Amino acid sequence: MLTLENLKEVIERYNLNDFTLFSDDGSENKGSVSAFASTSQYRINSVIAQIDTSFSNSVVEAVNKIFKSNYWPRDFSGQLNKALEIISEMVHDYTYIRPHGSLSGLTPFEALMNENKESIVPADQIRIAATTRISENLNSNCTDCQPIPE
């Protein structure tokens with residue numbers, strides 16, 4: 001039900017009437033969300049990744065994974081204001097601070113504005129940095145940073 005309530009809130013907040021809802025085939029997008037999309041007063045074109053189209057929603061899922069692993073506390077049980085603060089911090093960091101390998105080392109804002117071309121990091125440097133970071137995590141005392149044994 002939470003997914004449906006979130007969808008309704010977004011529709012209301014942004015005054016959406018005729019739009020495409022792109023989602024995966026997860027259970028949270030079936031049932032009440034699917035029924036709402038097909039019977040509501042809004043014109044919702046529901047598109048399911050890799051079923052109705054040939055592409056996936058992996059880009060969105062990648063952002064979600066980064067958010068959950070880097071920003072959202074594992075034991076969060078706080079207030080709405082704290083949740084909004086964490087989300088705001090993540091959006092700012094992700095958009096303006098954090099370089100993205102898929103954007104040649106630029107932040108999304110830099111890529112959007114076509115700025116800071118001299119800061120483009122070659123792919124080899126990104127791979128070396130990732131390898132170094134994994135090695136540092138493995139050698140740290142942080143129990144949350146250790147891989148889970150298989």
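The values are calculated or read from the model by the stated rules, or taken from the named source; none is laboratory data. Being a predicted model, the structure only gives us computed values, none of them experimental. Ideal geometry is used to build each Cβ from the backbone, glycine not excepted, and the neighbour counts take in all protein chains shown.
Is it the case, given these coordinates, that D75 is acidic (D, E), more than 30 Å from R133 (Cα to Cα) and at pLDDT below 85? So D75 does not fit the description; no. Beta carbons closer than 8 Å, at least 6 apart along the sequence or on distinct chains, pair a first residue in the range 15-42 that is surrounded by 14 or more Cβ atoms within 10 Å (Cβ to Cβ) with a second that is in a loop (DSSP other than H, G, I, E, B) and of a type in the set (A, V, I, L, M, F, W, C) for F22/A49; S23/A49; D24/A49; S32/M1; Y42/L16. Quick check on the range 105-120: of everything there that is in a loop (DSSP other than H, G, I, E, B), more than 23 Å from N64 (Cβ to Cβ) and out of contact with any Leu (no Cβ under 7 Å at 6 or more places or on another chain), which residue is modelled with the highest pLDDT? Only one residue tops the list, namely N114.
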